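Okay, structure first, notes after.
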Amino acid sequence: MGQRTPLYDLHLALGAKMVDFGGWDMPLHYGSQVEEHHQVRRDCGVFDVSHMTVIDISGHQAREWLQYLLANDVGRLHGCGHALYSAMLNEQGGVVDDMIVYRTEDGYRLVVNAATRDQDIAWMQAQLGSYQVMMRERPDLAMLAIQGPQARHKIAELVTQSRGVLIHQLKPFEGRADGDWFIARTGYTGEDGLEIVLPADQAPGFFNDLVGAGISPIGLGARDTLRLEAGMNLYGQDIHLNVSPLAANMAWSIAWEPASRAFIGRAALEAEREAGVQLKLVGLVLEERGVLRAHQVVRIADVGEGEITSGSFSPTLSKSIALARVPMATADRAEVEIRGKWYPVRVVKPTFVRHGKTLI
Amino acid sequence: MSNIPAELRFAESHEWARLEADGSVTVGISDHAQEALGDVVFVELAEVGKVFAAGDAAGVVESVKAASDIYSPVSGEVIAVNEDLTDAPESLNEKPYEAWIFKVKPNNTAELEKLLDAAGYKAAIGE
């Protein structure tokens, strides 16, 4: 038996098919993964993401420590309420994890992946050194993501007046506390929406209110196809310890300036950049029928080979799409081997769908 | 609890088989199988004229989750495939016992006796 979120019993009551995800018993879908996917793109849905790890960082050197720990620069968060996406690298420039960092009244709130929790905590503790920093994990909190074009509008009607006002005020990538709730305009679907961190004992009631108001519960299956269409990396597939962020579409999240900021992995990334980055993460679109899957081989004529890191059927596009790591010289055509046969694929920028619109 | 029609035979690999009046055998996947697969998005059909031994891979069903081989429950030659599945693979989810996948002209109809009956299949899937 895996770990359970505070919503476990509600998932069962809603008919969820449960699966193991990083040691957690989580809902894969509540009937149809494809229907849940469309629901989020067209309206909105609620995801239980309480398995994710919330870590609060405080202490008078919190900023300095995070500027050392992370590839993005928390010095760019001008004031409480702002957030940024960052990689946490090892000395070799490999990705230990990716996360969202929120600047809070008392310091910073990190939301990291569930499956990497132990690796992250051990790594972060090993980097504390003599920094005057407190790290506090928050298993007392639950987290719901409400995503889709109608998400903010619908949620604002279902919460207290002050929270409703906050929901309307938040700009993308902002998050603020209201009482014991923390409400952020972030997500992992390519749609507008919210992520709400709240005390674990309040989560079942709130989740019930949302479902009672007609907001569909959405499982991890649709979460995966939504993030894939949005071109967002999944830790353990598209990025991991042996992948450089420069070969994973994450160069934008590396704060090179100021050049004096010595973050972990910086020397390795600079050497890689100097030598010339060899690989890139691209999007693939299969024009024929079939389904691209992780680990299938990609062949690029006169260039070399690559590998699919994430692949699935895209419900929005009604065709199969993938993320693939390929040689830098790859242009706009390639082939993928599926069960011994080679299929032509189109190579595209790895953002297939954003805000309900097809981009390829 | 999944639907398990009493008149069908089942392979442990979750295909159903039905002996038709003309002596051919129609093959599909069980309700339990489609439930476990999740939303089916693609079916790779066998070629008509191919000859399979019982247990040979005879096509692939791909769901959002994974690709699964379909095995021929009996030996014989493929005489028809359900082309409707090309445009409507989801019919395997919606009506698993109507959405057949292929038809075989069996070498030996006695092979059907080796397959599970409804009660045996029900026990095999733990229901």
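The values are calculated or read from the model by the stated rules, or taken from the named source; none is laboratory data. Here the structure is a predicted model, which means the values were calculated and not measured. All Cβ positions, even for glycine, are placed from backbone atoms using ideal geometry, and neighbour counts span all protein chains on display.
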Item to complete: Output yes when any residue across segment B:111-125 is loosely packed, with under 15 Cβ neighbours inside 10 Å, modelled with pLDDT of 95 or more, over 20 Å from B:Glu12 (Cα atoms) and more than 14 Å from every other protein chain (Cβ to nearest Cβ), and no when none is.
Response: no
Response to the item:
Flagged in segment A:266-309 as of a type outside the set (D, E, K, R), under 21 Å from the mean Cα position of the chain (by Cα) and away from every other protein chain (no Cβ under 14 Å), in numbering order, are A:Leu281, A:Val282, A:Gly283, A:Leu284, A:Thr309
Worksheet item: What strands (runs of 3 or more DSSP E) lie completely within segment A:250-316 and have 3 or more residues being of a type in the set (Gly, Ala, Ser)?
Response: A:304-314
Discussion item. It is to be established whether one or more residues within segment B:24-35 are touching a Lys or Arg at 6+ places or on another chain (Cβ under 7 Å) and hydroxyl-bearing (Ser, Thr, Tyr).
Written reply: yes
Practice prompt. Mind listing whichever residues of segment A:75-120 are part of a helix (DSSP H, G or I) and either more than 30 Å from A:Gly2 (Cβ to Cβ) or of a type in the set (Gly, Ala, Ser) (or both)?
Written response: A:Gly75, A:Arg76
Worksheet, complete the sentence: Across (1) away from every other protein chain (no Cβ under 14 Å); (2) touching a residue at least 40 places away in the same chain (Cβ under 8 Å); (3) not β-branched (Val, Ile, Thr), A:Glu229 clears everything bar (1)
Worksheet item: Just for segment A:187-226: of the residues that are over 18 Å from A:Tyr30 (Cβ atoms) and of a type in the set (A, V, I, L, M, F, W, C), which one is nearest to the other protein chains (Cβ to nearest Cβ)?
Response: A:Leu194
Worksheet item: Can you tell me how many residues in segment B:31-73 are in contact with a helix residue (DSSP H, G or I) (Cβ under 6 Å, 6 or more places away or on another chain) and within 17 Å of B:Ala88 (Cα to Cα)?
Response: 7
Worksheet entry | Search result, residues across segment A:321-360 that are within 14 Å of chain B (Cβ to nearest Cβ) and under 19 Å from A:Gly190 (Cβ atoms) | A:Ile321, A:Ala322
Practice prompt. Scan segment A:42-59 and give yes if some residue there is of a type in the set (S, T, N, Q), modelled with pLDDT of 95 or more and surrounded by fewer than 18 Cβ atoms within 10 Å (Cβ to Cβ), otherwise no.
Written response: yes
Worksheet item: If A:Asp120 satisfies every condition in (1) of a type in the set (Asp, Glu); (2) free of Cβ contacts under 8 Å to residues at least 24 places away in the same chain; (3) under 27 Å from A:Gly23 (Cβ atoms); (4) crowded, with 16+ Cβ neighbours inside 10 Å but one, which is the exception?
Response: (2)
Discussion item. Here's a check for you: in segment A:16-58, which residue that is among the basic types (Lys, Arg) and away from chain B (no Cβ under 14 Å) is farthest from the chain's Cα centre (by Cα)?
Written reply: A:Arg42
Fill in: Search result, residues across segment B:59-107 that are within 15 Å of A:Phe313 (Cβ to Cβ) and touching a residue at least 60 places away in the same chain (Cβ under 8 Å)
B:Leu92
Worksheet, complete the sentence: Across segment A:321-340, the tally of residues that are at pLDDT 95 or above and of a type in the set (Lys, Arg) stands at 2
Worksheet item: Across segment A:123-154, what is the total count of residues that are surrounded by 12 or more Cβ atoms within 10 Å (Cβ to Cβ), free of Cβ contacts under 8 Å to residues at least 60 places away in the same chain and in contact with a strand residue (DSSP E or B) (Cβ under 9 Å, 6 or more places away or on another chain)?
Response: 2
Response to the item:
Residues in segment A:1-38 that are closer than 21 Å to A:Gly193 by Cα, in contact with a strand residue (DSSP E or B) (Cβ under 6 Å, 6 or more places away or on another chain) and either surrounded by fewer than 19 Cβ atoms within 10 Å (Cβ to Cβ) or aliphatic (A, V, I, L, M) (or both) total 2
Discussion item. Here's a check for you: in segment B:64-78, which residue that is crowded, with 24+ Cβ neighbours inside 10 Å and within 14 Å of chain A (Cβ to nearest Cβ) is farthest from the chain's Cα centre (by Cα)?
Written reply: B:Val64
Item to complete: Specify the residue that is nearest to the other protein chains (Cβ to nearest Cβ); the eligible residues are those in segment B:33-60 that are crowded, with 17+ Cβ neighbours inside 10 Å and among the small types (Gly, Ala, Ser).
Response: B:Gly38
Worksheet, complete the sentence: Within segment A:170-196, of all residues that are closer than 18 Å to A:Gln39 by Cα and out of contact with any Asp or Glu (no Cβ under 8 Å at 6 or more places or on another chain), the one surrounded by the fewest Cβ atoms within 10 Å (Cβ to Cβ) is A:Asp192
Worksheet, complete the sentence: Of the residues in segment A:338-360 that are without any contact (Cβ under 8 Å) to a residue 60 or more places away in the chain and within 16 Å of B:Phe42 (Cβ to Cβ), the one that is surrounded by the most Cβ atoms within 10 Å (Cβ to Cβ) is A:Ile338
Worksheet item: Which condition number does B:Arg18 fail, the rest of (1) away from chain A (no Cβ under 14 Å); (2) within 29 Å of A:Pro315 (Cα to Cα); (3) in contact with a Leu (Cβ under 6 Å, 6 or more places away or on another chain) being met?
Response: (2)
Worksheet item: Checking A:Gln237 against (1) assigned to a loop (DSSP other than H, G, I, E, B); (2) surrounded by fewer than 22 Cβ atoms within 10 Å (Cβ to Cβ); (3) in contact with a helix residue (DSSP H, G or I) (Cβ under 9 Å, 6 or more places away or on another chain), which single condition isn't satisfied?
Response: (3)
Item to complete: Select, from A:Ser318, A:Ser312, the only residue that is without any contact (Cβ under 8 Å) to a residue 40 or more places away in the chain and within 14 Å of chain B (Cβ to nearest Cβ).
Response: A:Ser318
